[in-house]
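Read the figures in this text as sums done on the coordinates, not as results from a lab. What you see is a predicted model; the values in this text were computed from it and never measured. With ideal geometry, Cβ positions are generated from the backbone for all residues, glycine too; neighbour counts draw on all protein chains shown.
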Amino acid sequence: MPATVPISGPPAVSVIVPARNEEICLGACLQSLLSQCSVAFEVIVVDDHSTDRTREVASSFSNPQTPIPAGVSLRVLEAAPLPPGWTGKNNAVNTGAKAALGEWLLFTDADTIHLPGSLARGLDEAKRHGAALLSYSPEQIVKGFCEKAVMPVIFAELAASFRPSQVSDPRSPAAAANGQYLLITREAYDAVGGHAAIAGNLLEDVALARAVKRSGRKIFFRHGADAVRTRMYRSFAQLREGWTKNLALLFPSPVRLATLRALEFVLIVASFAIAVASSLRGHPRPAILTGILCLILYLSFLARIRRAHFSWDANILALLGLPLFAYLLLRSKRAHANGAVSWKGRRYFEEAGAPTTENWELRTEN
């Protein structure tokens, strides 16, 4: 039976947290959610067949000895058996959505931290903008060289490809959302078919946003560092697997983009090396000219990177993230070209002739 803490009256928001092997970060996520105020809400944790202590961590918050504010409910559910053609996350959030009682649904990941009061503010912001779907791109917490180097590069490209001003403009066909924080009305969710309509889509957040916008409903999307933060990956292996799954779906021409970013890295480094070498050899004119070229290229790169909202040290290291980004793009392209990607112990195979983001099937390999 699901663990339950009752509340009085229906919740305004149902917060749905899919969790597969998230014992490390789930506790902090739930603590930040249960500390929200000024709105009645329920939290539904959906254990996606975890093999670690995820279920135990989630259930500990429904212990009578754990104080939960008035007007708040917590339930822990087991994800339904994974149907053919569904991705694990879509199946888990669909399980949560079926059980949800709120007028609004907030889909958020187990590795997110929600700042105090952000739930009430997000709900108010969605209503003020008349949005059926509000999504925040969280502040990205990065630690270690690889995270600091490549994450700003990736999010700078995302900021250029999915401009919040265009996504939020009803006149623009651009649509995007970040599944780490996706708030949607129950009416809109049901009207577009929910996650059941995008069951096999590996990029479910963008797919749901596109469905909402095609329905004529409004989306509001922005950088949400004042509301939510997350550390997506805690090792290079996780980072590589996660972006291998997503990059080829996020960018329509991954080989071209990888070539451009690798070339940008070579030009910046080469012009700097030539400028230094020319100066040391006593050739001031070539040193000045190549130095100016290097400065122009680097400032252009830095201006693009700063749009991703990372710390100054990550912005500096991002130059070294360019070849790593190119590698991840090509790796993702290859995985999708081969029709198979892996994520959290599951391997998804694309059906022959299917679009790259749809109709993926989970198979068990012997």
Item to check | Ranked by how many other beta carbons lie within 10 Å on average, peptides 250-261, 134-145 from highest | outcome: 134-145, 250-261
Next on the checklist: Using helices alone, I'd like the mean residue ellipticity at 222 nm for the chain: each DSSP H run of four-plus residues gives -39500 (n - 2.57), total over residue count, nearest 500.
Outcome noted: -15000 deg cm²/dmol
Checklist entry - Among 81-90, 39-48, what's the highest-first ranking by average C-beta atoms within 10 angstrom per residue? => result 39-48, 81-90
Item to check | Contour minus Cα-Cα distance for residue 347 and residue 320 (0.36 nm per residue) | outcome: 6.7 nm
Item to check | Area projected by the alpha carbon convex hull of the stretch 254-362, averaged over all directions, nm² | outcome: 9.4 nm²
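Before anything else, pin down the relative contact order of the stretch 14-159: Cα pairs under 8 Å, at least 6 apart, normalised by residue count, whole percent.
Value for the stretch 14-159: 32 percent.
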Next on the checklist: Using 0.36 nm times the number of residues separating residue 160 and residue 127, minus their current alpha carbon distance, what extension gain do you get?
Outcome noted: 9.2 nm
Checklist outcome for this item: For the stretch 254-362, averaging the sequence separation of alpha carbon pairs under 8 Å that lie six or more residues apart and dividing by its residue count, the contact order in percent is 27 percent
Checklist entry - In whole percent, what relative contact order does the chain give with Cα contacts below 8 Å and a gap of six or more residues? => result 19 percent
Checklist outcome for this item: If the chain between residue 226 and residue 145 were fully extended at 0.36 nm per residue, the gain over the current Cα-Cα distance would be 26.7 nm
Item to check | residue 196/residue 270 FRET efficiency (R0 56 Å; Cβ-Cβ; nearest 0.05) | outcome: 0.60
Checklist entry - Which values of log₁₀ I(q)/I(0), to two decimal places, follow from the Debye formula for the stretch 69-174 at q = 0.13, 0.15, 0.17 Å⁻¹ with a uniform point scatterer at every Cα? => result -0.76, -1.00, -1.20
Item to check | Within a Gaussian network of the chain (alpha carbon springs, distance under 10 Å), most fluctuating of 32, 332, 235 | outcome: 235
Checklist entry - By Kyte-Doolittle mean hydropathy of at least 1.0 and Cα axial length of at least 24 Å, which whole DSSP H helices of the chain are selected? => result 145-161, 254-280, 284-306
Checklist outcome for this item: Quotient of Cα radius of gyration and Kirkwood radius for the stretch 143-242, i.e. Rg/Rh, equals 1.00
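Between residue 263 and residue 285, what FRET efficiency comes out of the Förster formula 1/(1 + (r/R0)^6) with R0 = 25 Å and r the beta carbon distance, rounded to 0.05?
On the way: r = 25 Å, r/R0 = 1.01.
According to the calculation, E is roughly 0.50.
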Checklist entry - Taking a point 7 angstrom from the Cα of residue 253 along the C-beta vector, which residues in the stretch 303-342 have backbone N less than 17 Å away? => result 326, 329-330, 333
Item to check | Rg(Cα)/(2.2 N^0.38 Å) for the chain, N = residue count | outcome: 1.07
